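Input: a single structure, listed below in structure tokens.
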Amino acid sequence: DTMGISVVLGLIFFGLFMTVSRKATSGVPGGLQNAVEMVVEMVQSSIKNSFQARCDFLGPLALTIFCWIFLMNLMDLVPVDLIPLAAQAITGNEHLFFKAVPSTDINITAGLSISVFILIIYYSIKIKGVGGFLGELAFQPFGKYALPLNLVMEVPAFLAKPVSLALRLFGNLFAGEVIFLVIGLLGKWQIFLHFPWAVFHIMVITLQAYLFMMLTIVYLNQAHQTH
């Protein structure tokens, strides 16, 4: 269920942006084109302000990360029982469990963060070589004569990057989903809490997508630095 929803949202993102790009006009843009251009310009400015090297792959990567994670997070605003009830009706299994918000599944957030981690290692070795990459872990910050201390400090910090990416996104969205579930248990009184929390949660889902994108840019910028 998690993977299925993620793939569908990815196809929606791909189809939407492809359609807008093909129908884009240099005149007065429509509302959808305007929204897409705002997102693209936001990603471009974020890269220009935080990335000091050249990587043609980074623009599409950052745009995909932001939009895909935003759409996955946005599923949290769908009534918590709507999609599960629809799945139960389709399958005829009233006890069917269906997870409708992909970013509340640690498997999805870990998969995204590990993918970014692999890219960090790839570009670190590509730009600096194997020796330069390993030298950053072994010889900094206290020089080659403090190798054990350097490793104790640098290796955990390096490995913490994918862990922090995965757990930050998962933790925030899972907590938000739990609060929606708790509000749903209030019956008819939930209407007084559901809307204010949904409005606040819009900021949360946008911020978490932006943070994941920005940290990816920052980490890849570090991978490209050779000093």
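Taking every DSSP helix (H) stretch of at least 4 residues in the chain, weighting each as -39,500 (n - 2.57) and dividing the sum by the residue count yields a mean residue ellipticity at 222 nm of -27000 deg cm²/dmol.
Over all orientations, region 80-227 has a Cα convex hull whose mean projected area works out to 12.1 square nanometres.
Ignoring ligands, DNA and RNA, what percent of the 1.4 Å accessible area of region 32-96 is carbon and sulfur?
Values: 2400 of 3790 Å².
The computed percentage sits at 63.
Pairs from the table (K48/K99; K99/K188; K48/K128; K23/K126) lying more than 27 angstrom apart at Cα are K48/K99; K23/K126.
Could you tell me which of rounded, prolate or oblate describes region 1-159, using a ≥ b ≥ c as the square roots of the eigenvalues of the alpha-carbon gyration tensor, with rounded for a/c under 1.5 and, failing that, prolate when a/b is larger than b/c and oblate otherwise? In terms of gyration-tensor shape, oblate.
Could you report region 80-194's accessible area per residue, 1.4 Å probe, as an integer in Å²?
59
Annotation: aspartates and glutamates with alpha-carbon distance below 15 angstrom to K144 (same-chain offsets under eight excluded): E136, E154.
With the simple model of a label 7 Å out from the Cα in the direction of the Cβ, Q33 to L185 spans 5.0 nm. Each peptide in 150-162, 45-57 receives the mean, over its residues, of other Cβ atoms within 10 Å, and ordering these scores from highest gives 150-162, 45-57.
The values are calculated or read from the model by the stated rules, or taken from the named source; none is laboratory data. Model, not experiment: these values are computed from the prediction. With ideal geometry, Cβ positions are generated from the backbone for all residues, glycine too; neighbour counts draw on all protein chains shown. Please note that ligands, DNA and RNA were not included when accessible areas were found on the heavy atoms of the full protein model with its side chains. Shrake-Rupley method; radii C 1.70, N 1.55, O 1.52, S 1.80 Å.
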